[in-house]
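Worksheet: one structure, shown below.
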Amino acid sequence: MSHNSFGHMFRFTTWGESHGPALGVVVDGCPPDLPFDLALVQRELDRRRPGQSKYTTQRKEPDQVKVLSGVFEDDRTDGLRTTGTPISLIIENVDQRSKDYSEIRDKYRPGHADYTYDQKYGIRDYRGGGRSSARETAARVAAGAVARQVLSGVTIRASLVQVGPHKIDYANFDWDQVDQNDFFCADAKAAEQWAPYLDGLRKSGNSVGAVIEVVAEGVPAGWGAPIYGKLSADLASAMMSINAVKAVEIGAGFEAASLTGVENADEMRAGQLAPYFKSNNAGGILGGISNGDPVVCRFAVKPTSSILTPRETVTTDNRNTDIVTKGRHDPCVGIRAVPIGEAMMACVLADHFLRHRGQTGRDGPTGFEV
């Protein structure tokens, strides 16, 4: 199976399955002699870890990460440093319940990749979906934590901004609230309203979709390329690669289609050291290249396909049947997609930072002192 790697200069390859003994990631291209904070990697994995509230799957995985290569504890410095060689990280699976899937081994789950996976490879791991399982995203989060350590001065944060039809009020937006509720939501009032809504869906054996907003601040102007290396294109590819994602937008996104040119174009003024934009409909990217504003990306996640409500499907030998997906599943996969979106943003930005430096010899923009 190919296509398990992402990125160019900063490149990671994930491996492992949902119900295998372990999963992990190999990160290649990380510059040498950088301080390496394994606790930061663990902290990000803890944010994505399942079983932390009743609104996520109750699978109990500690997601304890171990580093196998690519770092060195130099007695001349404090702590670990990167060596410039591939960084290999492993996360053991400890709470697989493969028997939960025995009754559906010969049935295709509606909304899942079972049928298409089978058609492509002719063989599939029915225990949770194998490589197509969202369990794989733990490895991405680990890679994203490494990417954060490459990105000096860049802050990456994300928030759940919509659950089903219920949206946040941006007037209440406060980044400090994100880690204060079960939904990674920057609007505390919205989070309170979502709780009974998701409770009802969970108890009825149903699920719902969500929208996540990821914002990167501190990205200098100049990262990206005008044609096939667009920063926006790579961000869209990164977010679309996350399980269950069905749409991605940058800046004003789909709303830009309803704006006039006068409304949409971000006007510019001369600042003390460099120009600035009076608005950010562009989402921090113009012509595929960062403009110095916050990079804003949103992605929509479909409802969890594994639900307790009986659904019509077919068997692997093409006979009609019904299916009930047992096991432990998220009533809204968008909740745990928040740290995953942050991780993919970090990986893309680290890649573009290194590509920009390799092509131009500079870390940031030219022409202005910033």
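The values are calculated or read from the model by the stated rules, or taken from the named source; none is laboratory data. Please read these numbers as outputs of a predicted model, since none were measured by experiment. All Cβ positions, glycine included, derive from the backbone under ideal geometry; neighbour counts span all protein chains shown. Just the protein is used for accessible areas: all its heavy atoms, side chains included, with ligands, DNA and RNA removed. Shrake-Rupley method; radii C 1.70, N 1.55, O 1.52, S 1.80 Å.
Between a residue in region 244-258 that is of a type in the set (Phe, Trp, Tyr) and any residue that is in a strand (DSSP E or B), which pairs come within a Cβ distance under 9 Å, given they are 6 or more apart or on different chains?
Close Cβ pairs satisfying both conditions: 254/247.
Identify, by number, the condition in (1) touching a residue at least 12 places away in the same chain (Cβ under 8 Å); (2) of a type outside the set (Lys, Arg); (3) over 23 Å from residue 8 (Cα atoms) that residue 272 doesn't meet.
It fails just one condition, (1).
Just to confirm my filter: which strands (runs of 3 or more DSSP E) fall fully inside region 265-333 and include at least 3 residues that are open to solvent by 30 Å² or more (accessible area, probe 1.4 Å) and under 30 Å from residue 251 (Cα atoms)? Write out each step before concluding.
Details: elements: 268-270, 275-277, 295-301, 311-314, 320-323.
Output list reads 268-270, 275-277.
Pairs under 7 Å by beta carbon, first residue modelled with pLDDT under 90 in region 114-127, partner open to solvent by 100 Å² or more (accessible area, probe 1.4 Å), six or more apart or different chains?
126/105
Looking only at region 200-218, decide whether some residue is farther than 24 Å from residue 333 by Cβ, open to solvent by 30 Å² or more (accessible area, probe 1.4 Å), in a loop (DSSP other than H, G, I, E, B) and not charged (D, E, K, R). Walk me through it before giving the result.
From region 200-218, those farther than 24 Å from residue 333 by Cβ are 217-218; that's our starting set.
Next, only the ones that are open to solvent by 30 Å² or more (accessible area, probe 1.4 Å) stay: 217-218.
Remaining after also requiring in a loop (DSSP other than H, G, I, E, B): 218.
Then keep just the ones that are not charged (D, E, K, R); that gives 218.
Yes, there is a match, as at least one residue in region 200-218 is farther than 24 Å from residue 333 by Cβ, open to solvent by 30 Å² or more (accessible area, probe 1.4 Å), in a loop (DSSP other than H, G, I, E, B) and not charged (D, E, K, R).
Can you tell me which condition residue 190 does not meet? The list is (1) within 30 Å of residue 352 (Cα to Cα); (2) open to solvent by less than 20 Å² (accessible area, probe 1.4 Å), and all the others hold.
Evaluating residue 190 over (1) within 30 Å of residue 352 (Cα to Cα); (2) open to solvent by less than 20 Å² (accessible area, probe 1.4 Å) leaves (1) as the failure.
Of everything in region 332-348 that's at pLDDT below 95 and of a type outside the set (A, V, I, L, M), which residue is farthest from residue 306 (Cα to Cα)?
336
Mind checking which residues of region 241-264 are assigned to a loop (DSSP other than H, G, I, E, B) and surrounded by 15 or more Cβ atoms within 10 Å (Cβ to Cβ)?
Of the residues in region 241-264, the ones assigned to a loop (DSSP other than H, G, I, E, B) are 241-244, 251-252, 259-260.
242, 243, 244, 251, 252, listed by residue number.
If I ask for residues that are under 23 Å from residue 352 (Cβ atoms) and either among the basic types (Lys, Arg) or touching a helix residue (DSSP H, G or I) at 6+ places or on another chain (Cβ under 6 Å) (or both), which ones from region 114-142 would you list?
Those that are under 23 Å from residue 352 (Cβ atoms) and either among the basic types (Lys, Arg) or touching a helix residue (DSSP H, G or I) at 6+ places or on another chain (Cβ under 6 Å) (or both): 137, 140, 141, 142.
Is region 222-230 home to any residue that is in a loop (DSSP other than H, G, I, E, B), touching a residue at least 24 places away in the same chain (Cβ under 8 Å), open to solvent by 70 Å² or more (accessible area, probe 1.4 Å) and at negative phi?
As a first pass, look at region 222-230 and keep what is in a loop (DSSP other than H, G, I, E, B): 222-223, 225-230.
Pick out the ones that are also touching a residue at least 24 places away in the same chain (Cβ under 8 Å) and you get 222-223, 225-227, 229-230.
Subsequent filtering for residues that are open to solvent by 70 Å² or more (accessible area, probe 1.4 Å) retains 226-227.
If we keep only those that are at negative phi as well, we get 226-227.
Among the residues of region 222-230, at least one is in a loop (DSSP other than H, G, I, E, B), touching a residue at least 24 places away in the same chain (Cβ under 8 Å), open to solvent by 70 Å² or more (accessible area, probe 1.4 Å) and at negative phi, which makes the answer yes.
Could you run through region 124-140 and say how many residues are acidic (Asp, Glu) and within 21 Å of residue 64 (Cα to Cα)?
Total meeting the criteria: 1.
Only residues that are without any contact (Cβ under 8 Å) to a residue 60 or more places away in the chain, part of a helix (DSSP H, G or I) and buried (at least 18 other Cβ atoms within 10 Å of the Cβ): list them for region 166-187, please.
177 - this is the single residue of region 166-187 that is without any contact (Cβ under 8 Å) to a residue 60 or more places away in the chain, part of a helix (DSSP H, G or I) and buried (at least 18 other Cβ atoms within 10 Å of the Cβ).
Among (1) within 20 Å of residue 238 (Cα to Cα); (2) in contact with a helix residue (DSSP H, G or I) (Cβ under 8 Å, 6 or more places away or on another chain), which single condition is residue 331 missing?
Every condition holds for residue 331 apart from (1).
Tally the residues that are of a type in the set (Asp, Glu) and under 23 Å from residue 235 (Cβ atoms), restricting the search to region 256-289. If you could, list the steps in order and put the result at the bottom.
Of region 256-289, the ones of a type in the set (Asp, Glu) are 263, 266-267.
Going one step further and asking which of them are under 23 Å from residue 235 (Cβ atoms), we end up with 266.
The total comes to 1.
Out of 159, 204, which single residue is in contact (Cβ under 8 Å) with a residue 60 or more places away in the chain, of a type in the set (Ser, Thr, Tyr) and farther than 20 Å from residue 294 by Cα?
Details: 159 fails: farther than 20 Å from residue 294 by Cα.
Result of the check over 159, 204: 204.
Return yes or no: is residue 26 under 27 Å from residue 149 (Cα atoms), part of a strand (DSSP E or B) and at pLDDT 90 or above? Before you say what the answer is, go through the steps one by one.
Numbers: under 27 Å from residue 149 (Cα atoms): yes; part of a strand (DSSP E or B): yes; at pLDDT 90 or above: yes.
Spelling it out, residue 26 is indeed under 27 Å from residue 149 (Cα atoms), part of a strand (DSSP E or B) and at pLDDT 90 or above.
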